[in-house]
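Note sheet for the following structure.
Please treat every number below as a calculation from the coordinates, not as lab data. Values in this document were obtained by computation on a predicted structure and should not be read as measured data. Methodologically, a virtual Cβ is constructed for each residue, glycine included, from the backbone with ideal geometry; neighbour enumeration extends over all protein chains shown.
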Amino acid sequence: MKTTGLTSKQRLLYIIFLTLVNTICFAQTPDPWKITATNIDPSNYYGVTVANGMIGMVSSPEVFKIKNVTLAGAYDLYGRGRVSNFLNSFNLLNMSLDINGKRAEARSVSNYKQELDMQHGCFTATFDLGDEASVKYTYYALRQLPFTVLMDIYITAKKNITINATSALETPDALRDVQNYYNEVGPISLLTSTAKSPTGKLLLCASNTFLFDEERGQEPRVTHEMWDNNLHQMKFSKAIAAGQTYQYAVAGSSITSAHDADPLNQAERLTIFAKLEGRNRLIKFHEKAWDDLWKSDIKIEGDPQAQEDVHSMLYHLYSFSRAGSAYAPSPMGLSGLGYNGHVFWDADLWMYPGLLLLHPEIAKSFVEYRYQRLAAAKQNAFAHGYKGAMFAWESADSGVEETPVWALTGPFEHHITADVAIAAWNYYCVTQDKQWLREKGWPILSATADFWASRVERNGPGHYDIKNVVAADEYAENIDNNAFTNAAAKANLRDAAAAAKILGINYDPDWEAVALNIPLSKFPDGVTKEFDTYKGENIKQADVNLLAYPLHEITDPAGIRKDLEYYESKVGNGPAMTHAIFSILYSRLGDGEKAFLAFKNGYKPNALPPFGVLAESAGATNPYFATGAGGLIQAMLNGFGGLEITPNGIIQVKSKLPDLWKSLKLTGIGIDKKTYLVK
């Protein structure tokens, strides 16, 4: 069903309908932290991701299987566009289980249930295999160990059984020059594989091992089998008496030469470390790490479904990012190869702001990612005839432009440079860290301000035009004076000047003069025009409305409402984050019900079974869209929660909750971990 052109009442009825459908499709449990699937249909199944900010594993409808594994920072040229792409990495938890000679598969088991535990970042499946046994397995991307994963298996025998358990390493198709190893380091059996990326640029390495509860010397005997050059496995057998429960686990580590100078040995060392830490300690420290993350939380009183939905969004943002990594997420996070794993404005403008308020230490990785690619941005500006730094629209490992040449966004969507700068300024605003501002923030802010001063065309007072750009609304290509681009450039220039004053650094006074002369076009009735020649066309996504939030270029409530009402009718089923901006603006304008409707419209039509993972837009099938989740978390924090980032820190402005909600509590906000309450 298309929602374009519907009245507000029709949209509300549509959202109610979707909520009822989701309630049926995405089975609810009494535990608000868990999303459970009991009717698993492989033909209509969209996996949920378990990740730790470095490794992402996407669930499969099949028993003991994981659909794909992605490793942040691992890129090479292959596939479309002659640009760097994310690579499918080794599946460390490629398991199988035979009980009394019968293979455990989705078609052969009963009472099959899958469950995501958002509180502790793990995925559990349970099933019965005939009258032989009940099985439960849980897997983790260990939060405390960025390159290590764990699967924990329990088998309860209903009668005397013999199990044959296998762990296999299979090389993904795109990799080459495979090497397989099997080593026994004392009592530790290591199954290891290495391969090169398609061009040979990277060496990818993976190693795993079984973890047993038995005393040393009484563990099952592990054997190794080489099937072919791309697949080898280790396995063991065990007799289990009726009524007994047997537990074992598999721990594995995956790392590449992009992460470590010695990835083969490091993969095995990390796996040995996990083996000797033991299952209990691995899970204990993993759960503690997630408990620490959830000290920064969004708590809704009066709407359990919205609470679960918001926790799912936060869970994915936390899963896709990591403090100390110096990585920024792709629009699809670690849920697969979507958008080639490239970093866009999605990271800086959509995912970053919420994480900056909740976990500044995680958000710092986003800005560090950009800082480490500042030299590439300066070279990009030079190549285009500009000064300063011009950040790539699509960025991967090196920071050079990674947009395929057929897409005009690469050479023309210049607002990305301002987005990067605004993110850097906001990091200072939240943390008030002057040393960081001097060492990392100022180099970004000053170089990007120099870019805009050279980028404008000086056509007289009030007409320092920015011509020939792709707008934030990407339907508008090669147009002049795009509203968002111009306003973001102004903010960049002003923020750079403000940073210089704080640091006592001399700066180019031309920055402020340029900011004052960049134009914004208006219709005769005062509505902001998206660009000079805009005539009311439909738009892909938020553009003009971003001038009210987050840019604060337009602050008059009447002007905000006029732009909001005009452009809300121009957006159809575009990317989810657009509705988040509408929600923020309506909440701040005092209309909690319209804000709530926009919030729901930002994700309910996009939720896919069986876990409600978010696609980019209604009717799309490309989950998980972390950009949309980032926008909707801003709707919670900056819209309903009223949080505002200012040069003097975080403040709270007036906002309006929907009538259904009794209260909204925001915990662990900012560096002081404050609590904010809205009723």
*Over 23 Å between C-alpha atoms is what I'm after, so list which of Lys434/Lys674; Lys364/Lys540; Lys201/Lys440; Lys440/Lys674 land there.*
Lys364/Lys540; Lys201/Lys440; Lys440/Lys674
*Going by a ≥ b ≥ c, the root eigenvalues of the Cα gyration tensor, does the stretch 418-517 fall in the rounded group (a/c under 1.5), the prolate group (a/b larger than b/c) or the oblate group?*
oblate
*Estimated distance in nm for a label pair at Gln379 and Lys535, the labels positioned 7 Å out from Cα along Cα-to-Cβ*: 4.3
*Note the full-extension length gain between Thr166 and Asp659 as 0.36 nm times their separation in residues minus their Cα-Cα distance, in nm to one decimal.*
172.1 nm
*To the nearest 0.05, how large is the calculated FRET efficiency for Ser454 and Val185 if R₀ is 45 Å and r is the Cβ-Cβ distance?*
0.15
*Rounded if a/c is under 1.5, else prolate if a/b beats b/c, else oblate: with a ≥ b ≥ c from the C-alpha gyration tensor eigenvalues square-rooted, which is the stretch 637-679?*
oblate
*Taking the simple approach of a point 7 Å from Cα along Cα-to-Cβ for both Glu215 and Arg80, what is their distance in nm?*
6.0
*For the stretch 277-410, what relative contact order do you get, as a whole percent, if you take Cα pairs closer than 8 Å and at least 6 residues apart?*
16
*At a Cα cut-off below 23 Å, give the lysines reachable from Lys535, other chains included and same-chain residues fewer than 8 away excluded.*
Lys467, Lys522, Lys562, Lys570
*Return one number: the angle in degrees, 0 to 90 and rounded to the nearest 10, between the long axis of the Cα atoms of helix 8-25 and the longest principal axis of the Cα atoms of the chain.*
10
_Value of relative contact order over the stretch 515-621, rounded to a whole percent, pairs C-alpha under 8 Å and six or more apart_ = 20
*Quick one: compute a quarter of the convex hull surface over the Cα atoms of the stretch 35-293 and quote it in nm².*
14.1
*Can you tell me the Rg and Dmax of the stretch 91-133, counting just the alpha carbons, in angstroms?*
12.3, 37
*So if we plug the beta-carbon distance of Lys299 and Arg438 into 1/(1 + (r/R0)^6) with R0 = 45 Å, what FRET efficiency do we get, rounded to 0.05?*
0.75
_At R0 = 56 Å, how high is the FRET efficiency between Thr199 and Lys288 if r is their beta carbon distance? Nearest 0.05 is fine._
0.90
*asked:* Show me the ranking of peptides 83-90, 289-296 by mean Cβ neighbours inside 10 Å, starting with the highest.
replied: 83-90, 289-296
*Can you pick out the pairs among Lys34/Lys136; Lys594/Lys679; Lys34/Lys604; Lys196/Lys378 whose Cα atoms lie more than 24 Å from each other?*
Lys196/Lys378
_Using all alpha carbons of the stretch 131-238, what is the percent of pairwise distances in each 5 Å bin, ordered from the shortest bin to the longest?_
2, 10, 17, 19, 20, 15, 9, 5, 2, 1, 0
_Gain in span if fully extended, Lys467 to Leu337, counting 0.36 nm per residue against the direct Cα distance_ = 43.5 nm
*How far, in degrees from 0 to 90, does helix 304-319 lean away from the longest principal axis of the Cα atoms of the chain, to the nearest 10?*
80
*Listed highest first by mean packing, meaning other Cβ atoms within 10 Å per residue, what order do 448-454, 191-197 come in?*
448-454, 191-197
*Gain in span if fully extended, Ala407 to Asp525, counting 0.36 nm per residue against the direct Cα distance*: 39.0 nm
_Contact order normalised by residue count of the chain, Cα under 8 Å, 6+ apart, percent_ = 13
*Quick one: helix 415-431 against the long Cα principal axis of the chain, what's the angle to the nearest 10°, folded into 0 to 90?*
80
